[in-house]
Amino acid sequence: MAALAQPSTLSAGVVHEQVLDNGLRLLIQEVHTAPLATVWCWYRVGSKDEIPGVTGVSHWVEHMNFKGTTNIPRDQVKGLIERYGGYWNGYTWIDQTTYTETATRDALDHMLFIEAERMARSLYDPADCESERTVIISELQGGENDPDQLLDQEVTATAFRAHPYRHPTIGWISDLQSMTRDDLYTYYRRYYVPNNATLVVVGDVDTADVVRLAARHFDPIESRALSPRLYTTEPEQLGERRVTVRREGTTAYLKIAYHAPAVASDDFFPMLVLDAVLSGAKGINLWASFRTPPPQRSARLYQALVNTGLASSVSGGLLPTQHPFLYTISLTATEGVTLDRVEEAALSEIERVRLHGVTSHEVEKAKRQLRARLVFENDSITNIAHQLGYFETLARWTLVPSIAGQLDAVTLDQVSAVAAARLTATNRTIGRFEPSDAVPGRQGI
Amino acid sequence: MSVAVAGLGPVRHVVANGVRVIAKATGVTPAVTIHVSAHVGSAADPPSLPGLAYFLSRMIDRGTQSMTADAVAETLEGRGVSLAASLTRHTLSLVCTCLVEDFDDVLRIMADCLTRPVFPESEIATRRGEMITFIRQDEDNPASVAMNGLMELLYGPDHPYGRRPRGTVAGADQINRAALVDFHARMIGPSSTVVTIVGDVVPAAAVAACESVFGDWQPHPVIEANLPSTSPVLERRSRIVPMMNKAQADIAYGFTSIARADPDYYACWLMNNVLGEYSLGGRLGDSIRERQGMAYYVLSSLDANVIPGPLAIRAGVAAGNVERALAAIDHEVEALATDGPTDKELLESKQYLIGSLPRTLETNASIAGFLQGLEYFGLGLDYDLRLPGLLQSVSRDQVHAAARRLLDPARAAVVVAGPYAGPAA
């Protein structure tokens, strides 16, 4: 059991950490600004744990865990929380699967009940598994309707040859067509155990009450030994890689992806500052950051690409991951501008940064932006709880209160060094979406 | 159920020139959200220049009489602030969140952008290129194509609701600086501007700051958008837009609904919640996603506005399931109109909408947006306290009547966009 003081943001306060006898880790933080409570239940399982033949199983399992349990009829899983005005959701990504509810504080017992049921007693009715197969294929096809998303999938698959980060979280279509109910259920039973989970509760709650209620719901669930996980380390990339997708469409897209440091790497925070210099500070909260556009008009790539009229948008993406993932720069070519010109201008600006570094003014501005984003993205109990669970699942939650300090400590030399080391041609994959022919203005029939 | 009993209790103040200010102190973070809305949107586009309001929204923060576009960006971004300009059919909004110590400076820049933009020629060509790219992206997006098609079917191509909010490529080509200057002068003024400020700031100080930065803005008459009334639709209309390069089809299916001021509003809101919102898509979600596994997303939304906006049902389905999905939508729409909601459905929807108030008013940004809505529709500063009672008092018969009034498959407008060319012969 440990309790640490936090720095001054809304997350000011104390995080209570406790591990139940079955290995379930509890993280509890009292925040009494609104009569609300949020629960997040995190599992250390994501698409990097999948093997060929069952790609997409983590995400499909997540869907099945909203389909009823021994003690919650299928049609009541969602309504149970919504009756309290609550919000519920879940997501799966490369390292993690997580479930959340936010509702009025008097729904806390129900939220914990749902999560305990989900951990141990989901049904996996064969008919529901079949019905969900087509829902997930529809989700995949909806994503493929978006050229940018399609290109992202191709770039990721090209950048990784060995590490399972290469396959999309939603899975490859053939696996979604062939996976069985037993594949799903076996995976569920293997990873949904208390000793592979973190339960986070934040809000207008009493810590002792939460501990008591959590113990009541989760203590009966037995731990099980987790078999060791085997991961391949992605070998060093030896040369630039390229992938071109040609399809009918209206607009051309470009992605430049560099192998990036994992969250625990010393390079991670300098890289985060570098991204803020290049494309504006997004912050560090996967759940909250995308809701507010980054301050990017004074950023390097915006100035070089958007303000010159070559691209209609630019964005940079660096997220905390357990293993080294990608730093991806995404550009949309302005109508009438060739991809070659966009690529040349983007690579030219990146090369300037790689060779000459950035300025101390840029670094200080980026750090101020990131510090402000830390405050802005801690504006709700849902966002605070997300960060604790996210970092505990990838590394340790104690990283969260250290982020502001780690950003402050980043130096100009570190940012320039990480640019010199990472933004090389041999470390990158370039993806192009080239519309194969112009789609004329459409008329209905 | 815990519902705040004290309510938001915001402070409202009207500057002498007509700018309305609503402020609310919260202690959630050492930050402040500033939300400035001018009541002009794409519905005010002149027919000859579609997309003019959208173009203006892309230019409004690109240089003022006292600051260049780069200076605006550098000053805000040095403080970690990103200013978001957005446009609906009726409002142009500038929204940002800043640290409390930057509040006065940021508010001053926002006021400068709204009241004294200069629309520099050097920025116009770049923004035009962006705008045309966005329009072309919309043309390649089945969901946008379907929704734009639905609005055109419901309102007609000449009605402000029937035109695309971002306009057309031809329109973007014609918009010039003179058009932007003229539109800004005629459509944006103190009397149609509302500023909401929520965060770690004393309301009286927020009001004083607004007096300081907006006080010298000269009042002038503002022209309101001309919104012709719509004629009732008497027959079903369908449109198919084949996009054979796409992986799945998007369906937009809908009706014209009611105005926000309609006495049936709360009954219609609850009806829509039962139909397509509650518990991942209401009855539609239960049928099309949960029971038939046809779609990842299906939902309905109600836009009761200054005029009757659309009630739109949207879904993404495989091409082979389009007809089955349309049949399922027809069935659910007809069933709700015929039988109304069950007592249990109505109870659950009421519990959800009432219970969700504290959650939806948790952040500074969400409160600032809520305050804009209540000012725009004249709902009163105590609306958050009255809302539970308004919803609670709606009877099952009233919701049933709302369903009968709005839902009828024989009068639906239906658009399908995607890899689908129509029913097999």
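Rundown of residues vs (1) surrounded by fewer than 21 Cβ atoms within 10 Å (Cβ to Cβ); (2) within 12 Å of chain A (Cβ to nearest Cβ), yes/no style:
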{"site": "B:Gly9", "(1), (2)": "yes, no"}
{"site": "B:Ala23", "(1), (2)": "no, no"}
{"site": "B:Gly27", "(1), (2)": "yes, yes"}
{"site": "B:Ala38", "(1), (2)": "no, no"}
{"site": "B:Leu52", "(1), (2)": "no, no"}
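Just checking, how many residues over region A:32-65 are modelled with pLDDT of 95 or more, surrounded by fewer than 24 Cβ atoms within 10 Å (Cβ to Cβ) and within 11 Å of chain B (Cβ to nearest Cβ)?
The number of residues fulfilling the criteria is 1.
So in region A:69-116, with the set limited to residues that are of a type in the set (A, V, I, L, M, F, W, C), surrounded by fewer than 24 Cβ atoms within 10 Å (Cβ to Cβ) and more than 25 Å from the chain's Cα centre (by Cα), which one is nearest to the other protein chains (Cβ to nearest Cβ)?
Out of the qualifying residues, it is A:Leu80.
If you check A:Asp209, A:Asp183, which single one turns out to be more than 25 Å from A:Arg432 (Cβ to Cβ), exposed (fewer than 15 other Cβ atoms within 10 Å of the Cβ) and not hydrophobic (A, V, I, L, M, F, W, C)? Give the derivation first.
Details: A:Asp183 fails: exposed (fewer than 15 other Cβ atoms within 10 Å of the Cβ).
Step by step, each of A:Asp209, A:Asp183 is checked, and only A:Asp209 is more than 25 Å from A:Arg432 (Cβ to Cβ), exposed (fewer than 15 other Cβ atoms within 10 Å of the Cβ) and not hydrophobic (A, V, I, L, M, F, W, C).
Which members of region B:346-374 meet the condition of being closer than 14 Å to B:Leu391 by Cα, in contact (Cβ under 8 Å) with a residue 40 or more places away in the chain and not basic (Lys, Arg)?
Matches in region B:346-374: B:Leu346, B:Glu348, B:Ser349, B:Gln351, B:Tyr352, B:Leu353, B:Ile354, B:Gly355, B:Leu357.
Filter region B:95-106 down to the residues that are more than 10 Å from chain A (Cβ to nearest Cβ) and of a type in the set (A, V, I, L, M) and list them by number. Reasoning before the result, please.
Here is the first cut: in region B:95-106, the residues more than 10 Å from chain A (Cβ to nearest Cβ) are B:101, B:103-106.
If the condition is that a residue be more than 10 Å from chain A (Cβ to nearest Cβ) and of a type in the set (A, V, I, L, M), then B:Val106 is the only one that fits.
For residues that are within 17 Å of the chain's Cα centre (by Cα) and closer than 15 Å to B:Gly309 by Cβ, scanning just region B:135-157, find the one that is surrounded by the most Cβ atoms within 10 Å (Cβ to Cβ).
Step one: of region B:135-157, the residues within 17 Å of the chain's Cα centre (by Cα) are B:143-144, B:147-148, B:150-151.
Checking which are closer than 15 Å to B:Gly309 by Cβ leaves us with B:147-148, B:150-151.
On the way: B:Met147: 21, B:Asn148: 23, B:Leu150: 27, B:Met151: 25.
Checking each candidate, the answer is B:Leu150.
I need the full set of residues from region A:357-377 which are assigned to a helix (DSSP H, G or I) and of a type in the set (Asp, Glu), in order please. Spell out how you get there, then give the answer.
The initial filter retains those residues of region A:357-377 that are assigned to a helix (DSSP H, G or I), namely A:360-376.
Residues satisfying the conditions are A:Glu362, A:Glu364.
Kindly check whether there is at least one residue in region B:235-256 that is free of Cβ contacts under 8 Å to residues at least 40 places away in the same chain and part of a loop (DSSP other than H, G, I, E, B). Write out each step before concluding.
The initial filter retains those residues of region B:235-256 that are free of Cβ contacts under 8 Å to residues at least 40 places away in the same chain, namely none.
Checked region B:235-256: no residue is free of Cβ contacts under 8 Å to residues at least 40 places away in the same chain and part of a loop (DSSP other than H, G, I, E, B).
Please go through region B:312-347 and pick out each residue that is surrounded by 18 or more Cβ atoms within 10 Å (Cβ to Cβ), of a type in the set (D, E, K, R), within 13 Å of chain A (Cβ to nearest Cβ) and not in a strand (DSSP E or B).
B:Glu345
Check region A:202-213 and report whether any residue there is in a loop (DSSP other than H, G, I, E, B), polar (S, T, N, Q) and under 16 Å from A:Val19 (Cβ atoms).
No, region A:202-213 contains no residue that is in a loop (DSSP other than H, G, I, E, B), polar (S, T, N, Q) and under 16 Å from A:Val19 (Cβ atoms).
Does A:Gln322 satisfy being crowded, with 24+ Cβ neighbours inside 10 Å, in a loop (DSSP other than H, G, I, E, B) and in the same structural domain as A:Asp413 (by TED's automatic domain parsing)? Break it down stepwise before answering.
Numbers: crowded, with 24+ Cβ neighbours inside 10 Å: no; in a loop (DSSP other than H, G, I, E, B): yes; in the same structural domain as A:Asp413 (by TED's automatic domain parsing): yes.
So A:Gln322 fails the test.
Just one of B:Gly373, B:Gly378 is of a type outside the set (S, T, N, Q), farther than 29 Å from B:Met243 by Cα, at pLDDT 95 or above and assigned to a loop (DSSP other than H, G, I, E, B); which is it?
On the way: B:Gly373 fails: assigned to a loop (DSSP other than H, G, I, E, B).
One residue alone meets the criteria, B:Gly378.
Among the residues of region B:324-332, is any within 22 Å of A:Gly143 (Cβ to Cβ) and in contact (Cβ under 8 Å) with a residue 60 or more places away in the chain?
Within region B:324-332, one or more residues are within 22 Å of A:Gly143 (Cβ to Cβ) and in contact (Cβ under 8 Å) with a residue 60 or more places away in the chain.
In region B:410-422, is there at least one residue being part of a helix (DSSP H, G or I) and in the same structural domain as B:Leu270 (by TED's automatic domain parsing)?
Of all residues in region B:410-422, those part of a helix (DSSP H, G or I) come to B:410-411.
Restricting the remaining residues to those that are in the same structural domain as B:Leu270 (by TED's automatic domain parsing) gives B:410-411.
Looking for residues that are part of a helix (DSSP H, G or I) and in the same structural domain as B:Leu270 (by TED's automatic domain parsing), one finds at least one in region B:410-422, hence yes.
Looking at this structure, is A:Ile81 assigned to a helix (DSSP H, G or I) and touching an Asp or Glu at 6+ places or on another chain (Cβ under 6 Å)?
On the way: assigned to a helix (DSSP H, G or I): yes; touching an Asp or Glu at 6+ places or on another chain (Cβ under 6 Å): yes.
Judged against the criteria, A:Ile81 is a match.
Got a sec? Which of A:Ala304, A:Ala385 is within 14 Å of chain B (Cβ to nearest Cβ), on the phi < 0 side of the Ramachandran plot, among the aliphatic types (A, V, I, L, M) and free of Cβ contacts under 8 Å to residues at least 60 places away in the same chain?
A:Ala304
Name every residue in region B:56-77 that is assigned to a helix (DSSP H, G or I) and either of a type in the set (Lys, Arg) or within 14 Å of another protein chain (Cβ to nearest Cβ) (or both), in order of residue number.
Quick first cut of region B:56-77, residues assigned to a helix (DSSP H, G or I) only: B:56-59, B:69-77.
Result: B:Ser57, B:Arg58, B:Met59, B:Ala69, B:Asp70, B:Ala71, B:Val72, B:Ala73, B:Glu74, B:Thr75, B:Leu76, B:Glu77.
Being farther than 22 Å from A:Lys367 by Cβ, under 21 Å from the mean Cα position of the chain (by Cα) and assigned to a loop (DSSP other than H, G, I, E, B) is the filter here, so list the residues in region A:378-431 that pass it.
Scanning region A:378-431 gives A:Ser380, A:Arg396, A:Trp397.
With (1) closer than 23 Å to A:Arg291 by Cα; (2) touching a Ser or Thr at 6+ places or on another chain (Cβ under 9 Å); (3) part of a helix (DSSP H, G or I) as the list, and A:Arg354 as the residue in question, which single condition is left unmet?
Unmet condition: (1).
Of the numbered conditions (1) more than 9 Å from every other protein chain (Cβ to nearest Cβ); (2) under 20 Å from B:Thr193 (Cα atoms), B:Lys350 fails exactly one; give the number of that condition.
The one condition B:Lys350 does not meet is (2).
For every residue, the table says whether it meets (1) in contact (Cβ under 8 Å) with a residue 12 or more places away in the chain; (2) within 25 Å of A:Ala116 (Cα to Cα); (3) outside the structural domain of A:Lys255 (by TED's automatic domain parsing).
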position	(1), (2), (3)
A:Thr156	yes, no, yes
A:Arg166	no, no, yes
A:Gly171	yes, no, yes
A:Asp182	no, yes, yes
A:Tyr185	yes, yes, yes
A:Tyr192	yes, yes, yes
A:Ala197	yes, yes, yes
A:Val201	yes, yes, yes
A:Thr207	yes, yes, yes
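Out of everything in region B:107-147 that is of a type in the set (Val, Ile, Thr) and part of a helix (DSSP H, G or I), what residue ends up being farthest from the other protein chains (Cβ to nearest Cβ)?
Going residue by residue through region B:107-147, those that are of a type in the set (Val, Ile, Thr) are B:109, B:115, B:118, B:124, B:126, B:132-133, B:135, B:145.
Those still in the list that are part of a helix (DSSP H, G or I) too: B:109, B:115, B:124, B:126, B:132-133, B:135, B:145.
Working: B:Ile109: 13, B:Thr115: 20, B:Ile124: 11, B:Thr126: 5, B:Ile132: 5, B:Thr133: 4, B:Ile135: 8, B:Val145: 6 Å.
Only one residue fits best here, namely B:Thr115.
Could you grab me the full set of residues in region A:317-344 that are among the small types (Gly, Ala, Ser) and away from chain B (no Cβ under 14 Å)?
Pass one, region A:317-344, residues among the small types (Gly, Ala, Ser): A:317, A:330, A:333, A:336.
A:Gly317, the sole residue that qualifies.
Of a type in the set (Val, Ile, Thr), more than 10 Å from chain A (Cβ to nearest Cβ) and part of a helix (DSSP H, G or I) - does that describe any residue in region B:354-366?
no
Scan region A:140-177 residue by residue and report those that are buried (at least 17 other Cβ atoms within 10 Å of the Cβ), within 14 Å of chain B (Cβ to nearest Cβ), under 17 Å from the mean Cα position of the chain (by Cα) and not in a loop (DSSP other than H, G, I, E, B).
A:Gly143, A:Gln153
Select, from B:Thr33, B:Thr91, the only residue that is among the hydroxyl-bearing types (Ser, Thr, Tyr) and either without any contact (Cβ under 8 Å) to a residue 40 or more places away in the chain or within 13 Å of another protein chain (Cβ to nearest Cβ) (or both).
Working: B:Thr91 fails: either without any contact (Cβ under 8 Å) to a residue 40 or more places away in the chain or within 13 Å of another protein chain (Cβ to nearest Cβ) (or both).
The match here is B:Thr33.
What are the residues in region B:188-223 that are farther than 21 Å from B:Ser366 by Cα and not in a helix (DSSP H, G or I), if any?
Of everything in region B:188-223, those that are farther than 21 Å from B:Ser366 by Cα and not in a helix (DSSP H, G or I) turn out to be B:Ile188, B:Gly189, B:Gly215, B:Asp216, B:Trp217, B:Gln218, B:Pro219, B:His220, B:Pro221, B:Val222, B:Ile223.
The values are calculated or read from the model by the stated rules, or taken from the named source; none is laboratory data. What you are looking at is a predicted structure, and each value in this text was computed from that prediction instead of being measured. For neighbour counting, all protein chains shown are included, and Cβ atoms are generated from backbone atoms with ideal geometry for every residue, glycine included.
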